[in-house]
1. Need the failing condition index for Val175 against (1) more than 28 Å from His40 (Cβ to Cβ); (2) at pLDDT 90 or above, just the number.
2. From (1) under 17 Å from Gly168 (Cα atoms); (2) surrounded by 18 or more Cβ atoms within 10 Å (Cβ to Cβ), pick out the condition that doesn't hold for Arg124.
3. Consider only pairs whose beta carbons are under 9 Å apart and that are at least six residues apart or on different chains; among these, list those whose first residue lies in the range 145-166 and is free of Cβ contacts under 8 Å to residues at least 60 places away in the same chain and whose second residue is of a type in the set (S, T, N, Q) and buried (at least 24 other Cβ atoms within 10 Å of the Cβ).
4. Give the residues of the range 3-60 that are out of contact with any helix residue (DSSP H, G or I) (no Cβ under 9 Å at 6 or more places or on another chain) and touching a residue at least 60 places away in the same chain (Cβ under 8 Å), sorted by residue number.
Amino acid sequence: MREIVFDTETTGLEPLKGDRLVEIGAVELFNHLPTGRHYHVYINPERSMPDEAFRVHGLSTEFLADKPLFSAVVDEFLAFIEDASLIAHNANFDIGFLNAEFSRLGKPPIAPERVIDTLALARRKHPKAANTLDALCSRYGIDTSSRTVHGGLVDSVLLADVYLELIGGRQPDLVLVPETVSEVNDAGGLMIVAAPQQRPEPRAFRVTAEEQAAHRAFIAKMGDSALWKAYLPEEVEPA
């Protein structure tokens, strides 16, 4: 199963009012494990960078001036994600910006059923706790020393670690039985349930008939109120 964990940076909060994408970072997971493949690009938003957005991610108008337009990178981005599930934190925000950019180019939007929102997963798993990316990294002991400002690629790498914790820890599919069944629990995590295993040959009893007879004789000396008698099987009269 292929999944893409991604994050975006933007000029603001309103994609339908002129705010644009300025960075996309994405990492690939296969069967819930990082493959090492990633996608990263800075984008010229064709507008100036507001101060409040610059304070979040540190990407200035001057830095982005010589970067490619979204129209120049859209095809390579779509080729990278292909038909994989897309994972983002507060996914409505990131998907809203991507779909706004796609709409400007006459391309179809990303369907909601492709998207997994880690913020929604976190709120279900930790309903009374802070669930920002920083808070989740702190909760799960994920090192954030490389994150001095928000950044599409570094946040995607951190989010991939958070996502794996939210669905049950790293390598949730790793089990030590030959046949398993995967189920999703009420918290959105992946449970691995071992399939029943049948012993190929009946196990031979290790207690001999003589030992069983000696044990019964010992219990008989304890009297009718002996607790052991409640656990003895019924005697079967010979036919």
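The values are calculated or read from the model by the stated rules, or taken from the named source; none is laboratory data. From a predicted model like this one, the values you see are computed outputs, not experimental measurements. Cβ: placed from backbone, ideal geometry, glycine included. Neighbour counts: every protein chain shown.
1. Status for Val175: all satisfied but (2).
2. Exception for Arg124: condition (2).
3. Partner pairs satisfying both residue conditions: Leu166/Thr118.
4. Result: Asn31, Val56, Gly58.
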